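Worksheet: one structure, shown below.
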Amino acid sequence: MNVIEIKNLTKYYGKSRGIVDVSFTVEEGEIFGFIGPNGAGKSTTIRILLSLIYPTSGSAAIFGKDCIKFAPEIAGNIGYLPSEVFYYEKMKVIDLLKYSASFYKKDCTKRIHELAEIMDLDLKKRIDDLSFGTKKKVGIVQSLLHEPKLIILDEPTSGLDPLMQQKFFSLLLEENKKGAAVFLSSHVLSEVQRLCSRVAIIKEGKIIKLEKIRDLTENNYKKFKIEIKREIGRSFFDMDGISNLEMENNIASFLYKGNINLIIKKISEAEISNLWIEEPSLEEIFMHYYKKEI
């Protein structure tokens with residue numbers, strides 16, 4: 001079963017583009033990454049999923065139900081963490097979390113205290129006494145206190161220190177092991193690469209790549225770094241499959257996609273002192289797709 005199913009989803013704000021013809025699915029028990037720069041359409045997609053805005057055309061379903069028509073029913077099984085959290089500042093953390101828990105038909109008291117301990121969160125403090133990072137920890141507890149079947153995260157680690165990030169990642173993986181699907185929207189590519197099994201790259205409101213992380217980083221590209229005894233020109237590397245070429249002194253580095261035998265044959269024409277072949281990071285692949293904007 002697909003937890004999320006989006007088909008030809010389009011949203012315009014007047015004449016301004018939000019997203020155009022976006023389609024993808026998130027499978028049950030999957031951690032799915034959604035990446036792109038600011039303005040690419042990530043938040044627009046999430047807001048439609050949460051029924052905060054309506055699409056211009058296309059459809060979006062969660063748990064097999066239209067996310068607009070069945071929004072109240074779906075909401076009980078979704079945990080959502082926005083990129084920025086805003087709360088009633090005069091409330092204490094525990095009162096805020098109890099208020100949030102009151103919307104669900106279950107006793108979340110034990111769960112609140114368990115999550116607060118994991119995230120090192122003082123439940124007795126008032127919201128207006130909290131730093132941005134601590135408010136983010138409140139948001140994490142709030143999004144997970146009812147043990148949702150789907151967790152939607154929009155830039156979840158902004159404001160968290162490295163230790164809290166690690167605790168949060170461990171918490172997410174535990175929830176996933178228990179069966180929760182995770183939809184992670186982020187521009188921090190290292191965390192997407194670490195957590196997600198698949199990723200969609202969105203650019204100017206359109207999906208430009210949808211693939212398994214493993215295939216994206218292992219099968220499609222190789223990262224070459226070559227130390228050459230004698231200086232050669234950039235024209236030496238003019239061949240199909242080479243991108244992101246950088247040359248400094250006698251060292252050339254690039255991404256290569258294609259028949260590995262052809263590139264080995266090509267570089268053997270130069271006098272090589274050393275050669276490194278690695279799997280590229282997700283960030284390097286992402287930058288390749290966005291190279292025209294850089």
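Things worth noting here:
- Sorted fewest first by neighbouring Cβ atoms within 10 angstrom, 138, 20 come out as 20, 138.
- Theoretical ellipticity at 222 nm over the chain - DSSP helices of four or more residues, -39500 (n - 2.57) apiece, nearest 500: -8000 deg cm²/dmol
- Given +1 at the Cβ of Lys and Arg, -1 at the Cβ of Asp and Glu and no other charges, the dipole of the chain around its Cα centre is 720 debye to the nearest 20.
- Cα shape, region 74-118, gyration tensor, a/c 1.5 rule: rounded
- Cα gyration tensor category, rounded, prolate or oblate, for region 222-278 with a/c compared to 1.5: rounded
- DSSP-assigned coil residues among trypsin sites (Lys or Arg not before Pro) in region 1-45, each with at most 13 further Cβ atoms within 10 Å: 15
- Rounded, prolate or oblate (a/c below 1.5 giving rounded, otherwise prolate when a/b exceeds b/c) for region 57-196 by Cα gyration tensor: oblate
- Loop-located GluC sites (Glu not before Pro) in region 86-168 whose Cβ has at most 16 other Cβ within 10 Å (DSSP): 89
- Which of 256, 104, 54 has the fewest Cβ neighbours within 10 Å, and the rest in rising order: 54, 104, 256
- Residue exposure sequence - 113, 146 - by fewest surrounding Cβ within 10 Å: 113, 146
- Cα-Cα over 30 Å, subset of 42/110; 69/125; 98/206; 90/167: 42/110; 69/125; 98/206
- Cα convex hull volume per residue for the chain (Å³): 159 Å³
- Partner aspartates and glutamates for residue 265 [C-alpha distance under 18 Å; skip if fewer than 8 residues away on the same chain]: 227, 238, 240, 278
- Taking a straight line from the alpha carbon of residue 105, these lysines sit under 19 Å away, with near neighbours fewer than eight places off in the same chain left out: 149.
- Placing unit charges on the Cβ atoms of the charged side chains and taking the dipole of the chain about its Cα centre, the candidate lying farthest along the positive direction among 275, 183, 250 is 183.
Bear in mind these aren't lab numbers, they're just calculated from the coordinates by the rules spelled out. What you are looking at is a predicted structure, and each value in this text was computed from that prediction instead of being measured. Every residue, glycine among them, receives a Cβ derived from its backbone with ideal geometry; neighbour counts consider all protein chains shown.
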